[in-house]
Ligand SMILES: [Zn+2]
Ligand SMILES: [Zn+2]
């Protein structure tokens, strides 16, 4: 492996690797974006496999979460890589689906990354299964007393009777 940044004309000696090639703090993100954009232009299949950019899904997840520094809606790099599916590209927009497991329910989320504006946006979220009833208005009801439940990512709670479901990984909700 090179000891210095592989960006043309740069001799900085510390940084991060892309495909085993070192880039310094200044050039890592530009290089990562170049790789991601090459995949968007070339196209990827529904599993985010790109014929010309190996490991594109990982590069994409690194880019949109800023190497896990930014996790929009609790969406980490590892979650996108491990659970993202149904990828599609339309122009500069990348869409994908992901199953999430907040407390007491399984949700299906659809996300869109707009490479033009560099924004990752939640398009749609639906509950696939829940450990509590959902009424005609889509509201979560307590299975014990039918009161409206307080719903957050890490916890489902009934203020009336104390019924509660906590996420099993409450330290790292969702
Ligand atoms: Zn550099
Ligand atoms: Zn209750």
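Criterion first (without any contact (Cβ under 8 Å) to a residue 40 or more places away in the chain and either in the same structural domain as residue 74 (by TED's automatic domain parsing) or farther than 17 Å from residue 114 by Cα (or both)) does residue 25 satisfy it? Outline the logic, then answer.
Working: without any contact (Cβ under 8 Å) to a residue 40 or more places away in the chain: yes; either in the same structural domain as residue 74 (by TED's automatic domain parsing) or farther than 17 Å from residue 114 by Cα (or both): yes.
Considered against the rule, which asks whether it is without any contact (Cβ under 8 Å) to a residue 40 or more places away in the chain and either in the same structural domain as residue 74 (by TED's automatic domain parsing) or farther than 17 Å from residue 114 by Cα (or both), residue 25 comes out as yes.
Could you check the stretch 133-142 and list, in sequence order, the residues that are part of a loop (DSSP other than H, G, I, E, B) and either assigned by TED's automatic domain parsing to the domain that holds residue 103 or surrounded by fewer than 17 Cβ atoms within 10 Å (Cβ to Cβ) (or both)?
Step one: of the stretch 133-142, the residues part of a loop (DSSP other than H, G, I, E, B) are 133, 135-139, 142.
Once the filter is applied, which keeps residues that are part of a loop (DSSP other than H, G, I, E, B) and either assigned by TED's automatic domain parsing to the domain that holds residue 103 or surrounded by fewer than 17 Cβ atoms within 10 Å (Cβ to Cβ) (or both), the stretch 133-142 yields 133, 135, 136, 137, 138, 139.
Here is a list: 145, 107. Which entry is assigned to a strand (DSSP E or B) and either touching a residue at least 24 places away in the same chain (Cβ under 8 Å) or more than 15 Å from residue 39 (Cβ to Cβ) (or both)?
Details: 145 fails: assigned to a strand (DSSP E or B).
On inspection, the qualifying residue turns out to be 107.
Test residue 113 against the stated conditions and say whether it is surrounded by 17 or more Cβ atoms within 10 Å (Cβ to Cβ) and part of a loop (DSSP other than H, G, I, E, B). Write out each step before concluding.
On the way: surrounded by 17 or more Cβ atoms within 10 Å (Cβ to Cβ): yes; part of a loop (DSSP other than H, G, I, E, B): no.
When the stated conditions are applied, residue 113 does not pass them.
The values are calculated or read from the model by the stated rules, or taken from the named source; none is laboratory data. Only a predicted model underlies this, so the values are computations on that prediction, with no experimental measurement involved. Here the Cβ is made from the backbone with ideal geometry for all residues, glycine too, and neighbour counts use every protein chain on show.
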